[in-house]
1. Mind checking which pairs have a first residue in region 58-79 that is over 15 Å from residue 98 (Cβ atoms) and a second that is surrounded by 10 or more Cβ atoms within 10 Å (Cβ to Cβ) and polar (S, T, N, Q), Cβ under 7 Å, 6 or more apart or different chains?
2. Do you know which residues across region 40-80 are surrounded by fewer than 14 Cβ atoms within 10 Å (Cβ to Cβ) and either under 13 Å from residue 93 (Cβ atoms) or within 11 Å of the chain's Cα centre (by Cα) (or both)?
3. Taking the options 103, 83, name whichever one is loosely packed, with under 12 Cβ neighbours inside 10 Å and in contact (Cβ under 8 Å) with a residue 60 or more places away in the chain.
4. For region 86-100, which positions are within 20 Å of residue 35 (Cβ to Cβ) and either surrounded by 20 or more Cβ atoms within 10 Å (Cβ to Cβ) or in contact with a strand residue (DSSP E or B) (Cβ under 9 Å, 6 or more places away or on another chain) (or both)?
5. From (1) in contact (Cβ under 8 Å) with a residue 60 or more places away in the chain; (2) closer than 14 Å to residue 47 by Cα, pick out the condition that doesn't hold for residue 94.
Amino acid sequence: PPYYGNLFLSFSFFPRGVTAVTLEQPKLSITKASGKTAQIICKMSGVPLSAAIHWYYGKPGEELKRIMFHSTSITHDLGFRKEKFTSDKTDGSCTFIIHNIAEEDSATYYCAWWDYH
């Protein structure tokens, strides 16, 4: 049977400095059948193209876990396969891609960026 899960994320903030930085995930949820591919868009404003965009997920009652980050290349955290999770980044957006959706992928997903200053 098809799997229907909700993928939700939204994040925005203003770091130190004059320039406002925003990250926004326009879709509140995504529903996909098992075996399909899900794409979660993170719209960015004021973020340099070379900046690392981090992708996290969380399930009720569990800590947030980072899956990967995408700067000039993609780096996955331990336990997350590059065949399953990937990203496409352009000026103005970063799209998180989950291949071969399964029931265990049902979670809340977040994009994040921070300044090291």
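1. Here the result reads 69/75, each pair linking region 58-79 to a residue that is surrounded by 10 or more Cβ atoms within 10 Å (Cβ to Cβ) and polar (S, T, N, Q).
2. 45, 49
3. Working: 83 fails: in contact (Cβ under 8 Å) with a residue 60 or more places away in the chain.
Just a single option satisfies the conditions, and that option is 103.
4. 86, 95, 96, 97, 98, 99
5. Failed condition: (1).
Every number here is computed from the coordinates shown, using simple stated rules; none is lab data. Since the model is a prediction, treat every value here as computed from it, not as a measurement. Glycine gets a Cβ as well: all are built from the backbone with ideal geometry, and neighbour counts include every protein chain shown.
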